[in-house]
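Have a look at the structure below before the remarks.
Please treat every number below as a calculation from the coordinates, not as lab data. Note that the coordinates shown come from a computational prediction; the quantities given were computed from them, not determined experimentally. Cβ sites come from the backbone with ideal geometry, for glycine too, and all protein chains shown count toward neighbours.
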Amino acid sequence: MGMRGTQVSRNQLAVIGTGYSPIARRSQLGLGALAVNAVQRAAEDANLKIEDIDGICTYTRPAEAMPGFTDGVDFVGVDFLVRTLGLAGIRWYASLDRAVTVAAFVHALHAVYAGECDYALVYRAMHNPTGALTANRFTVDFADHGRQFQAPYGLGAQLMGAALTYSEYMGRYGASREDMGAFIVNNRHNAAMNPDAVFYQKPITLDDYMNSRILSWPMALLDCDMPVDGVSALIVTTAERAKNHVKNPVYVAGHVTLGFDYLHAQGFGSWETNMTSVGLIGRALWSRSGLKPSDVDMASLYDGFSYLMYMWLEGLGFCGEGEAHEFIRDGRIAIDGELPLNTSGGSLGAGRLHGGPQLIEAVRQIQGRCGPRQVKDVKVTLANAGAPTGGCSAVLFTNEPVA
Amino acid sequence: MGAKGADGCAIVGTAYSRIGRQPAAGMAALAVEACREAVADAGLRMDDIDGFAAFHRPSESMPGQIEGIDFAGAQLAVRLFGLRDVAWFCSVDRGLFVAAVVEAMGAIRTGTCKYVVVLRALNNPTSNPWARFVDETTPISAAHSAPYGLPALGAPLPYSQYISRYGAERHAMASVVAELRRNAAANPNALFYQHSFREDDYLSAPMIMDPLCVHDIDSPVSGAAALVLTSAERARDLQWPPAYVAAHASLGFDFSGRGVLTWDSMMESARHLAATVWKGSGIGPNAVDTVQLYDSYSYLLYMWLEAFGFCDAGEAHRFVGDGRTSVNGALPMNTSGGSLGMGRLHGAAQVIEGVLQLQNRCDLRQVKGASVALVTVGVPTLGAGGLLLTSEPVGG
């Protein structure tokens, strides 16, 4: 694909509306109600009647899937929303369990381009169940299959796998936890200015980060995104139709869904496995869009775990190999810096919505709607989400069709 | 762009792995087998494949399941084949096989991919974990049904509703199931290949949940199926005549929100799907040469026949009589044996049989001159899809 030239759908698709439900660690409202609320706000933003939505797409997977999970309560699937919103004209849907919300967005782009539907709703609803997640614990006394080679060494699940990959980077390139602090503090600084963020008005200092409890070295509490109750929603249509709805549609210059573990490493994989995958994602993204890293005015890169930022910055070509931990210093990623990064606060600051805030912020920055965290003269933004070896998508947005 | 019609894609290669109640090989190996042979069937090389789509969910999701052992999807296939130039992948969790086909079409039609493999692999676990009460409390979704003895969704309810409302008899279904098993007996890819089966076998079989007996429910298997999808334009130059996708839809919502299946909510959803498929092609029921209808539960056949307008409401149980749906009948149905004869492959068997019929490759079960095939997949309220396949491109 990398060598194939720009994509036919380039410039043909646009976002016309975005919306968040109230976002909180624990909401007083049920998740179904939050989802309806987010869709109402996105539709209103798009000057679109809800009944005109004829396509719907989501990434459904709960933070932790349990038997008996109920649609509209523990998660919000397409079935619940189609029924509850009364979308009688529904013509297309997709419900995904890989590559999170940005992949769902990519499917919506495909569907609208192919004429499956005129107005596609993309949403992500996340419920934060009471009690602690068990995903990072050992809950069985027997390690079978692949786990037999990991569990006895303390590698239980995602968090420990992430810590391993991150520590590999630190060892190889001499990065320190202080280096990461620059990114974390910047994120929270941005989130503090974002009324839709779970950490709105709650900035932190480098000391706060350095004193944050270590969960699995080098991963501290503040290296992990905050589980929330909340919903994000976007409306996609054709560039042609978009003009009938809003003054400032945001165009899609390129999109990619990839992310494979070619080396079949267990867990999150080695640094190298991840970088192979990110390299392929970057190659496809730049060639399909005809754009390059230096064109990007603001990047919303996925930070479900903090260290993923280093992968994106290096693998997508914003800096050289092993340089990301230095790149993020000296205000370069601040709102008035060379590459404003995660102005929404990212997942670490805005909350765990698996790519929704990444997309919405990239759209709203182009529309100039970000208040105190607005970047000047934004023409090109990048949003991505996912894990490099577990499915990952990226989208480039522009203020007008790309030449 | 937009509203392009559905004439843009075609299925150009299909294959099954070995299929059995017990696995002939590991899940990953069976998935590789199906993908590799589907690509070869299309006359392509694995290097030509630049997209993978799958519905990979195991029959029963359980903690600790591992890709390659308990299930196999698009990412595993890409990794095992070592394909570095893949342009896209997807994994859907609703809508079974056709949902993955429809998403693959989107990737082809946007120019993201040239050739996409769509995969369904299913492992039949050695334990039998299905549809049992395992907890002392029920989830919210089953709070109004489980205390009355209805585990899961209540699969038998719509059928008993149908029976009492329209006076359908179990003899009618016995002849349908026997017909399907005769088709399966002639299909080397079927689980029940060369197995003899008579209507008496059906009528004397143990009830699982009245009125569903063991032969009304598809058999879980370990196996995989795959197809190759490309643009109509590229399809012309390949090994076999293409099966063009003249219309498609992936829908299937429970508008009633009852949770428990009812005949009316399923019909409402099935009609919505049917209307979308017919509207997409300009073709009507009369033009269809063969139907490959999803029959994980036997009575779904009645539902599809009525919803898609092959007969009136309440008449399907009579419509299927007199050999009308046999291979030589007016509307040959599930010539492969369907899910009941082939095993539970979540719709892959329906799609593949539709393609093979149009390619005139079905040997003893071939429908003469088949040029239009309707395929349905899924349970209407839980995510279902329809494909209308034609041997010539429709609508330019």
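Checked against a 29 Å cut-off, the cross-linked pairs A:LYS243/A:LYS292; B:LYS114/B:LYS279; A:LYS202/A:LYS243; A:LYS49/A:LYS202; A:LYS243/A:LYS376; A:LYS292/A:LYS376 give Cα-Cα distances beyond that limit for A:LYS202/A:LYS243; A:LYS49/A:LYS202. For A:SER300, the amide hydrogen comes within under 5 Å of the amide hydrogens of A:ASN342, A:LEU382, A:ALA383, A:ASN384, counting only partners 5 or more places away or on other chains and with H modelled in the peptide plane. Could you check how many percent of all C-alpha pairs in the range B:1-107 are farther apart than 20 Å? Result: 43 percent of Cα pairs exceed 20 Å. Given a Förster distance of 30 Å, report the FRET efficiency between A:ASP52 and A:LEU29 from their Cβ-Cβ distance, rounded to the nearest 0.05. The computed FRET efficiency comes out at 0.75. Taken as Cα centroids, the range B:231-263 and the range A:275-323 sit 36 Å apart, rounded to the nearest whole angstrom. Give me the distance between the Cα centres of the range A:330-385 and the range A:2-56, rounded to whole Å. Their Cα centres are 17 Å away from one another.
For chain A, the spread of Cα positions along the three principal axes, ordered from largest to smallest, is 56, 48, 42 Å. Rounded to the nearest 500, the helix-only mean residue ellipticity at 222 nm of chain B stands at -9000 deg cm²/dmol, with each DSSP H run of n ≥ 4 adding -39,500 (n - 2.57).
Please report, in debye to the nearest 20, how large the charge dipole of the range B:227-318 is about its Cα centre when each Lys and Arg carries +1 at its beta carbon and each Asp and Glu carries -1 there.
I would put it at about 200 debye.
On the basis of the beta-carbon distance and an R0 of 56 Å, A:ARG172 and B:GLU60 show a calculated FRET efficiency of 0.85. The simple spin-label model puts a point 7 Å past each Cα toward its Cβ; for A:ARG213 and B:HIS144 those points are separated by 4.2 nm.
The amide H of A:GLY17, built 1.01 Å from its N in the peptide plane, has A:ILE235 as neighbours under 5 Å, considering only residues 5 or more places off or on other chains. For the segment B:74-86, counting C-beta atoms of other chains within 10 Å of every residue's C-beta and taking the mean gives 4. Give the aspartates and glutamates reachable from A:LYS247 as a straight Cα distance under 15 Å; neighbours fewer than 8 places away on the same chain don't count. In chain and number order, the partners are A:GLU44, A:ASP45, A:GLU400. Counting charges near B:LEU251 (Lys, Arg +1; Asp, Glu -1) among other residues having Cβ under 15 Å from its Cβ returns a value of -1.
When a/c reaches 1.5 or more, the comparison of a/b and b/c decides; with that in mind, is the range A:355-403 rounded, prolate or oblate per its Cα gyration tensor?
Numbers: a/c = 3.24, a/b = 1.58, b/c = 2.05.
Oblate, since a/c reaches 1.5 and b/c is not below a/b.
Can you classify the range B:239-334 as rounded, prolate or oblate using the Cα gyration tensor, where a ≥ b ≥ c are the square roots of its eigenvalues, rounded means a/c under 1.5, and otherwise it's prolate if a/b beats b/c and oblate if not?
Details: a/c = 1.91, a/b = 1.22, b/c = 1.56.
Because a/c hits 1.5 or more and a/b fails to exceed b/c, the range B:239-334 counts as oblate.
Projecting the Cα atoms of A:LEU263, A:SER287, B:VAL12 onto the dipole axis of the protein assembly as shown, where Lys and Arg carry +1 and Asp and Glu carry -1 at the beta carbon, places A:SER287 farthest toward the positive end.
Order these peptides, B:36-43, A:96-103, B:321-328, by their mean beta-carbon neighbour count within 10 angstrom, highest first.
Values: B:36-43: 20.4, A:96-103: 27.2, B:321-328: 15.6.
Most protected by this proxy first, the peptides run A:96-103, B:36-43, B:321-328.
Using the Cβ of A:VAL375 as centre and a radius below 12 Å, the other residues enclosed give a net charge of 0, where K and R count +1 and D and E count -1. Given a cut-off of 26 Å, what percent of all Cα-Cα pairs of the range A:106-246 lie beyond it? That tail contains 51 percent of the Cα-Cα pairs.
Between A:LYS243 and A:ASP336, how high is the FRET efficiency from 1/(1 + (r/R0)^6) when r is the Cβ-Cβ distance and R₀ = 41 Å? Nearest 0.05.
On the way: r = 32 Å, r/R0 = 0.77.
With a Förster radius of 41 Å, E is 0.85.
Rg then Dmax, both in Å and based on the Cα atoms of the protein assembly as shown: 25.8, 82.
Among B:SER339, A:SER277, B:SER61, B:SER175, sorting on how many other beta-carbon atoms sit within 10 Å of each Cβ, with the fewest leading, yields B:SER61, B:SER175, A:SER277, B:SER339. Taking the Cα centre of chain A as origin and assigning +1 to Lys and Arg Cβ atoms and -1 to Asp and Glu Cβ atoms, the resulting dipole is close to 520 debye.
Residues of A:73-85, mean number of Cβ from any other protein chain within 10 Å of their own Cβ, rounded to a whole number? Going residue by residue through A:73-85 and averaging, the value is 3. With neighbours defined as other Cβ atoms within 10 Å of a residue's Cβ, the residues A:HIS107, B:HIS346 order from fewest to most as B:HIS346, A:HIS107. In angstrom, the C-alpha Rg and Dmax of chain B are 19.7, 59. Put a dot 7 Å past each Cα toward the Cβ at B:ASP264 and B:ASP85; how far apart are the dots in nm? Each label point lies 7 Å from its Cα, and together they span 5.7 nm.
Based only on other Cβ atoms within 10 Å, what is the fewest-to-most ordering of A:GLU400, B:GLU179?
A:GLU400, B:GLU179
Can you give the net charge of the other residues whose Cβ lies under 13 Å from the Cβ of B:SER222, counting K and R as +1 and D and E as -1? Working shown, then result.
On the way: positive: B:ARG18, B:ARG21, B:ARG120, B:ARG344; negative: B:GLU33, B:ASP70.
In short, +2.
Cα gyration tensor of the range A:288-403, axes a ≥ b ≥ c as square roots of the eigenvalues: rounded (a/c below 1.5), prolate (a/b > b/c) or oblate? It comes out rounded by the Cα gyration axes. Note on the range A:179-305: Kirkwood hydrodynamic radius from all Cα pairs is 18.2 Å, rounded to one decimal.
In debye, nearest 20, what is the charge dipole magnitude of the protein assembly as shown about its Cα centre with +1 on Lys and Arg Cβ and -1 on Asp and Glu Cβ, if you could check? The partial results should precede the final answer.
Details: 61 positive and 76 negative charges, 138 e Å.
In debye, rounded to 20, the protein assembly as shown gives about 660.
Amide H contacts of A:TYR93 (H built 1.01 Å from N, in plane; Pro and chain starts excluded): A:ILE56, B:SER250 sit under 5 Å, all sequence-distant by 5 or more or on other chains.
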